[in-house]
Amino acid sequence: MTSLLFNRDPMDVMHEACGVFGIYNNKEAARLTYLGLQQLQHRGQESAGIVSSDGKRFYTHVSMGLVADVFHQAALDKLKGRMAIGHVRYATAGASSLLNAQPIVVMTARGPLAIGHNGNLTNALTLRKKLESQGSIFQTSSDTEVVLHLIAKSPARDLVNAMKDALSQVTGAYSIVLQTPKMIFAARDPWGVRPLHIGRLNGSALIASETCAFDIVNAKLTREVKPGEIVALDHRGVRTVAQMPAPTQAHCVFEFVYFARPDSHIFGKSVYEVRRELGRQLAREAPAKADIVVAVPDSASVAAMGYAEEAKLPLEMGLIRSHYKGRTFIEPKQSIRDFGARMKYAAVVEALKGKRVVLVDDSIVRGTTSRKLIRMLKRAGAKEIHMRVSSPPMMGPCFYGIDTPESNELIATRMSVDGICRYLNTDSLKYLSLEGMLRAAGKKPSDFCSACFTTRYPIPIEDSGRPR
Ligand code: AMP
């Protein structure tokens, strides 16, 4: 979900990625949702929330912060009932606000509804203006609330048809969990941009953005929610209640490159296997005369392993990532160069000294991280650094729910590969080709959205709120 801030300044719109979870018919619904959300934490670190139901009413706990900080024993004890949905949200740009944290709960003529959304609608501003002109009052600045209004206003007799009616009016990416006091629905946009899965655990039915959220609670993957499908979770199990036309698929290839966790399966593939193949393909396309391969941890670790395997070079842990720096850190008064990067990464002299290093990262966005890392590796004694990137140059922002900066901040829109190489002060720089990336992703290239690399956007962008 994305925020449509009240001042409507397109530059101020937040760009978010999220994770969703749902469970039906489990006496520990809230606790299992909490565990599921912990596993989806990489998809959103700004706020977390759970709404449970005992069949009559909702119990809600939503707050800013990491899952482990938001939920304590007492909070979980209050989340009664055998069903729950949960959400983690990520927003790095724009104001962060508890108002926009999810799940969002509203009262409608159809009864109370709770919703959690991963993705980004691309006509939400237009719809919101229309709804407001008809008298709708919005509580949040998020695009997700538009869906709730459309459902609430739909003339359709039942909730499923109201959902169909609402979703047929929105464009963009959505993987949604929607809860009533009695049941849970899950819906995925017709392009299948973001992942969404159905799982089972004994008599319980589950929904999750990524399968790693099933593993923690010992649930088994049943299948994906199909693009354009709406499923219901109730006492009859999981069933398809609607299938909207879904002629073309546009799975986000960047989920494979960077976003999803390697132990997950998404889009019918193992993220680990795809990421490793990205690294192997990169080594075939862009070999380097080097002594060792080093990953930018953690997101490039698997690709670096694939590179090392194909290049027959040792993989060394030349960079360590600290997981404990927290959200903010205090810098000494006398400022330290690259302090931010050094709080996150440390170079291991013993691995790097005197070595010709292939440094593998999954992507270069603004180029600032790579530049600092390269300086750190050199300071630690690396003799040469050959940077290899397991995706093509990033040429455009994501309008469908990944947090990326605007075009003019993407280094590859401002400089040639040679220019970036000089800026990074690295001995060589090579990116994986688009064809190579899509081959490694292993489906029909036309099944993917690669717009951040090609600027060919498969879903119309009416008013994403982002300048194009
Ligand atoms: P940059 O300094 O902007 O070039 O950042 C590049 C680093 O950010 C790489 O190590 C990527 O793994 C990581 N990265 C790529 N995409 C994202 C994203 N959407 N959010 C946060 N980090 C990202």
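The values are calculated or read from the model by the stated rules, or taken from the named source; none is laboratory data. Because the structure is predicted, anything quoted here is derived from the model rather than measured. Note that each Cβ is placed from the backbone with ideal geometry, even for glycine, and that neighbours are counted across all protein chains shown. With ligands, DNA and RNA removed, areas are computed over all heavy atoms of the protein, side chains included. Shrake-Rupley method; radii C 1.70, N 1.55, O 1.52, S 1.80 Å.
Okay, here's what the table says:
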| read-out | value |
| --- | --- |
| Members of region 349-359 that are surrounded by 12 or more Cβ atoms within 10 Å (Cβ to Cβ) and in a helix (DSSP H, G or I) | V349, A351, L352 |
| Region 256-270 - residue that is assigned to a loop (DSSP other than H, G, I, E, B) and within 16 Å of the ligand (Cβ to nearest atom) and, of those, surrounded by the fewest Cβ atoms within 10 Å (Cβ to Cβ) | P262 |
| Residue that is nearest to the ligand (Cβ to nearest atom) [pool: residues in region 372-407 that are in a loop (DSSP other than H, G, I, E, B) and among the acidic types (D, E)] | D403 |
| Positions within region 35-55 being surrounded by fewer than 24 Cβ atoms within 10 Å (Cβ to Cβ) and either within 11 Å of the chain's Cα centre (by Cα) or among the β-branched types (V, I, T) (or both), in sequence order | Q41, H42, Q45 |
| Among the residues listed as A346, A303, the single one being open to solvent by less than 10 Å² (accessible area, probe 1.4 Å) and small (G, A, S) | A303 |
| Test for T369: is it within 13 Å of the ligand (Cβ to nearest atom), surrounded by fewer than 20 Cβ atoms within 10 Å (Cβ to Cβ), farther than 24 Å from D298 by Cα and of a type in the set (S, T, Y) | no |
| Selected residue (criterion: least open to solvent (accessible area, probe 1.4 Å)) from residues of region 317-335 that are assigned to a loop (DSSP other than H, G, I, E, B) and at pLDDT 85 or above | G318 |
| Residue within region 432-451 that is open to solvent by 20 Å² or more (accessible area, probe 1.4 Å) and within 16 Å of the ligand (Cβ to nearest atom) present | no |
| Any hit, region 234-254, residues being open to solvent by 40 Å² or more (accessible area, probe 1.4 Å), in a helix (DSSP H, G or I) and either within 16 Å of the ligand (Cβ to nearest atom) or farther than 23 Å from P393 by Cβ (or both) | no |
